[in-house]
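Notes follow the structure.
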């Protein structure tokens, strides 16, 4: 989807368009604003309205910009303020603190009208929570890896859930003088412990943090369950995206395997 002049005008923007790296590499910088294409307009409007209302304490939050039509999405694009910050690998303790501050604020949000989404990530979450099943068209070895992990946990009847950010490891940016900045909100309804487990596991598997840093999470059975579900989520998404190239899945599995072995 190309960024048209109509989109820029709808957000009262003009100037050079600069591609930004990170995420899906679809974000564009125009002046002091970041534009990103969205697939689900209803979901994005609902989400950005929530972000707009939050008054962050102890962290910064990438705030949305309304279009001149009063909407947060215009012609398939959403717009947020550009703020200073750098993606720094690791720093798990600091990221966990920011996560807890943000999720404290999100805990007050009524999620009764949370819009349903259907994409590889939402599908991965549903597989991790045993709502959806893994495709039986996948190779037996992949099915066995994921099903063996799910076999190590039991689905309890009641979980305290809320809106959480399910992709924080690379979406907390740091600045020498400013508070940490949260960007690219990836919402899901789940326990806060699940979001924390994803954060820590991603830092270990993708950012070079030592596997022993899993100990920064409480060592009880509840967190162990969330760690396994977090790994299943990442592996399920990788399997969905594999599109016949299963080497990518096994690379992902090798990245998370030290955590699987550590928590046995």
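Worth a mention:
- Each label point was placed 7 Å from the Cα along the Cα-to-Cβ direction; for residue 39 and residue 189 their separation is 2.0 nm.
- Relative to the longest principal axis of the Cα atoms of the chain, the long axis of helix 140-150 lies at roughly 90 degrees.
- Selected from 238, 99, 212 as most flexible by GNM, with the chain as the system and alpha-carbon contacts under 10 Å: 212
- Virtual spin-label span in nm between residue 25 and residue 176, 7 Å along Cα→Cβ: 3.0
- Expected-Rg normalisation [2.2 N^0.38 Å, Cα atoms] applied to region 94-133: 1.50
- GNM flexibility winner over the chain from 215, 157, 45 (Cα, springs under 10 Å): 157
- Simple label model, 7 Å out from Cα along Cβ direction - residue 18 to residue 4, nm: 2.7
- Normalised size of region 113-260, defined as Cα radius of gyration per 2.2 N^0.38 Å with N residues, equals 1.04.
- Nearest 10 degrees, 0 to 90: helix 41-53 Cα axis against the chain principal axis: 80
- Helices in the chain, meaning DSSP H runs of at least 4 residues, each add -39500 (n - 2.57). Divided by all residues, the mean residue ellipticity at 222 nm is -13000 deg cm²/dmol.
- For the chain, built as a Gaussian network whose Cα springs stay under 10 Å, the top-fluctuating residue of 94, 196, 252: 94
- The Cα trace of the chain gives Rg and Dmax of 18.8, 55 Å, the first to one decimal, the second as a whole number.
- Computed from Cα positions, the angle between helix 92-106 and the longest principal axis of the chain comes to roughly 70 degrees.
- When restricted to Cα atoms, region 1-137 yields an Rg and a Dmax of 16.9, 49 Å, respectively.
Any read-out appearing in this document is the output of simple, stated calculations on the displayed coordinates, not a laboratory observation. Given the structure is predicted, the values throughout are model-derived calculations rather than measurements. Using ideal geometry, Cβ is built from the backbone for each residue, glycine included, and neighbour counts are taken over all protein chains shown.
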